[in-house]
1. When a/c reaches 1.5 or more, the comparison of a/b and b/c decides; with that in mind, is the range 74-197 rounded, prolate or oblate per its Cα gyration tensor?
2. Give me 231, 62 ranked fewest to most by other Cβ atoms within 10 Å of their Cβ, as a rough exposure proxy.
3. Alpha carbons only, please: Rg and Dmax for the range 124-275, in angstrom.
4. Given a Förster distance of 41 angstrom, what is the FRET efficiency for residue 17 paired with residue 160, based on the Cβ-Cβ distance and rounded to 0.05?
5. How much length would be gained if the chain were fully extended between residue 219 and residue 33, taking 0.36 nm per residue of separation minus their Cα-Cα distance, in nm to one decimal?
6. Note down the relative contact order for the range 80-203 as a percent, whole number, built from C-alpha pairs under 8 angstrom at least six residues apart.
7. For mean projected area of the Cα convex hull in nm², one of (1) 16.2; (2) 17.2; (3) 13.9 was computed from the structure I shared and the rest are decoys. Which label?
8. Listing 33, 211 from the residue with the fewest other Cβ atoms within 10 Å to the one with the most, what is the order?
C-alpha cells in the first residue's frame, strides 16, 4: 500500500515556535526515521509539499497523518450553501490568512462562520484580548437545536477528545483544525493528495488521514519532547500496522459507518480497531 509514513503534530501558535507545543514532522521509510521541527506553519507547509513531491517523483506512496480534525459535526457545511467536506475545506482556504511570523486570523474566521447561524456559536473561545463580535468567549447553548451538535460521531468514541468548535482554552483543538484544514486544502491541490476517508486511498500517491496520537500509550526516548515522541511513534506504528496486515482494515472501517462520516465529518484512523 504505502512506502513512506508521515506524522504531523500541528500547531496554531501565533508566533514562531520550536520545542514543546510546536509543529513536529516525522517521516519513516523502511527502518529509517527522521524528525523535523519547523518554526512556522508556512515553513511546515513548504516542507510537506517538497516531501510529497519528492516521494511521488521517486515512485513511492505516502500515508501522512495529521493530529487535527478533518471535518465538523453535520450541519455546518449546509449553512455554507452545500453539504460536504469540500465546502468547508475550500471556505477555510479562502478565509485563513497566515503571516510569515505565524500570525493568523483564526478567531476572526470563527466569528465569520458563526454569522451563518441564528444563535451564538457554534465556534467559541476567544483567545485574544480584544473582543470579536460574533465569537463568544464562553461555551454557548443551543447544541443540537439552533446549533449543530458538539461532537462528530468519531469524537464521541475517542477518549479525551475535545470538540472542534472550541478555539481557545485548555486542550482546545479548534484553532489547529481551522489553520490545518486550510493548509491541507492548498496541499492537496498542489500535490494531488487524496483525503481519507472522504476519498478512496487508491486514487493518489499521497493519502492524508486524521490521526489522534493520544489513542495509544507513549514511551518517549531520553531527551525527546513529548510532541516529538508522538510523531515518531505514530509514524512507526502506521508502518507496523501495514507490515502486520492491519492498516487496510483500519482504512476500510468508515465504510461501515453512517454516510455522514465519509461525506462531511471524517474519521480518526485506527479508531474502533484493536491495533
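What follows is calculated from the coordinates using simple rules that are stated; it is not laboratory data. Owing to the predicted nature of the structure, the values given are computational and were not obtained by experimental measurement. Here the Cβ is made from the backbone with ideal geometry for all residues, glycine too, and neighbour counts use every protein chain on show.
1. On the way: a/c = 1.43, a/b = 1.17, b/c = 1.23.
Rounded.
2. Values: 231 28, 62 24.
Taking fewest neighbouring Cβ atoms as first place, the list is 62, 231.
3. 17.3, 52
4. On the way: r = 23 Å, r/R0 = 0.57.
Computed FRET efficiency for residue 17 and residue 160 comes out at 0.95.
5. Values: separation 186, 0.36 × 186 = 66.96 nm, distance 1.61 nm.
This chain segment gains 65.4 nm when fully extended.
6. Numbers: 156 pairs, mean separation 28.0, N = 124.
Relative contact order here is 23 percent.
7. Answer by label: (3).
8. Values: 33 16, 211 26.
Going from least to most buried by this count: 33, 211.
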